[in-house]
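This report refers to the structure that appears directly beneath it.
The values are calculated or read from the model by the stated rules, or taken from the named source; none is laboratory data. What you are looking at is a predicted structure, and each value in this text was computed from that prediction instead of being measured. Cβ sites come from the backbone with ideal geometry, for glycine too, and all protein chains shown count toward neighbours.
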Amino acid sequence: MTPGATSTIMGDDGLARPPWASVDPMLREYYDTEWGLPVRDEQGLYERISLEAFQAGLSWATILRKRPAFRAAFRNFDPDAVAAFGPADVERLMLDAGIVRNRLKIQAAITNARATIALRDDGGLVDFVWQFQPDSTPSPTSHEQIPTTSLESIALSKALRKRGFAFVGPTTMYALMEAIGMVDTHLVDSHRRGSSGVWPS
């Protein structure tokens, strides 16, 4: 996900958040309780990869509002269940108004479920993704200082593509790295800075 712009805004609860997480209650809840916290289980990580792919070209708020429908449509993002989807499931999903009805992205979610299963013989998706954690993390004081890609996200993108994944471009993978705590791009004066436990505040 790519947040909004500029520096933090003090909320009515006395906590500083970036503008993108300061107005919409849904985004504020997501920012306060989930975004930037480590995801180290296969199903959770597969879900994040899938949702980041669906987000491409859209706002994260759109995806977050549709998340319950996505979870219902994609069997709670159980890789084994989604990997078994066939052409009839694709057509069913293309008629589901609750999700983003993009055929290529739907097919990518199925492809990525199968690639996730294939990775189990080589340490699994979680270890595969987290091996690209960088040695340092940004310390942005404004949105303009937050990168949109990195050497690690480029490498992760290439590595996943080699393993059969789709819709895993470098920018999408950097957004994933932010969302799962592999990098901490919370603004330095945000109340969430350092909350992942991966990086010091």
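What single numbered condition from (1) surrounded by 15 or more Cβ atoms within 10 Å (Cβ to Cβ); (2) touching a residue at least 24 places away in the same chain (Cβ under 8 Å); (3) not acidic (Asp, Glu) fails to hold for Ser139?
For Ser139, the failing item is (1).
Being in contact (Cβ under 8 Å) with a residue 24 or more places away in the chain and outside any loop (DSSP other than H, G, I, E, B) is the filter here, so list the residues in the range 45-56 that pass it.
Scanning the range 45-56 gives Leu45, Tyr46, Glu47, Arg48, Ile49, Ser50, Glu52, Ala53, Phe54, Gln55.
Give the residue, chosen from Arg103, Arg120, Arg114, that is among the charged types (D, E, K, R), surrounded by 16 or more Cβ atoms within 10 Å (Cβ to Cβ) and over 29 Å from Leu15 (Cβ atoms).
Arg114
Pick out the one residue from Ala155, Ala159, Ala179 that is buried (at least 18 other Cβ atoms within 10 Å of the Cβ), under 24 Å from Lys105 (Cβ atoms) and either of a type outside the set (Gly, Ala, Ser) or at pLDDT 95 or above (or both).
Being buried (at least 18 other Cβ atoms within 10 Å of the Cβ), under 24 Å from Lys105 (Cβ atoms) and either of a type outside the set (Gly, Ala, Ser) or at pLDDT 95 or above (or both) holds for just one of Ala155, Ala159, Ala179, which is Ala179.
So which helices (runs of 4 or more DSSP H) are wholly in the range 113-201 and hold at least 3 residues that are small (Gly, Ala, Ser)?
Filter on the range 113-201 gives 151-162.
In the range 58-95, how many are in contact with a helix residue (DSSP H, G or I) (Cβ under 7 Å, 6 or more places away or on another chain), closer than 27 Å to Tyr31 by Cβ and part of a loop (DSSP other than H, G, I, E, B)?
Summing the residues that are in contact with a helix residue (DSSP H, G or I) (Cβ under 7 Å, 6 or more places away or on another chain), closer than 27 Å to Tyr31 by Cβ and part of a loop (DSSP other than H, G, I, E, B) in the range 58-95 gives 2.
Conditions first: (1) closer than 19 Å to Phe167 by Cβ; (2) touching a residue at least 40 places away in the same chain (Cβ under 8 Å). Ser59 passes all but one, so which condition is the exception?
The one condition Ser59 does not meet is (2).
Counting only residues that are surrounded by 14 or more Cβ atoms within 10 Å (Cβ to Cβ) and among the β-branched types (Val, Ile, Thr), how many does the range 22-40 have?
Selection size over the range 22-40: 1.
Which residue pairs have Cβ atoms under 9 Å apart, sit 6 or more places apart or on different chains, and have a first residue in the range 90-107 that is in the same structural domain as Gly57 (by TED's automatic domain parsing) and free of Cβ contacts under 8 Å to residues at least 12 places away in the same chain and a second that is surrounded by 11 or more Cβ atoms within 10 Å (Cβ to Cβ) and among the basic types (Lys, Arg)?
Leu95/Arg101
Tell me the residue from Ile110, Ile99 that is assigned to a helix (DSSP H, G or I) and either out of contact with any strand residue (DSSP E or B) (no Cβ under 8 Å at 6 or more places or on another chain) or modelled with pLDDT of 95 or more (or both), please.
Criteria check complete, one pass: Ile110.
So which residues in the range 2-59 are β-branched (Val, Ile, Thr) and touching a His at 6+ places or on another chain (Cβ under 8 Å), if there are any at all?
Result: Thr6, single match.
Yes/no per residue for (1) buried (at least 17 other Cβ atoms within 10 Å of the Cβ); (2) closer than 22 Å to Ile180 by Cα; (3) not β-branched (Val, Ile, Thr):
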| site | (1), (2), (3) |
| --- | --- |
| Glu52 | yes, yes, yes |
| Leu58 | no, yes, yes |
| Thr62 | no, yes, no |
| Arg65 | no, yes, yes |
| Pro68 | no, yes, yes |
| Phe74 | yes, yes, yes |
| Pro87 | no, no, yes |
| Val90 | no, no, no |
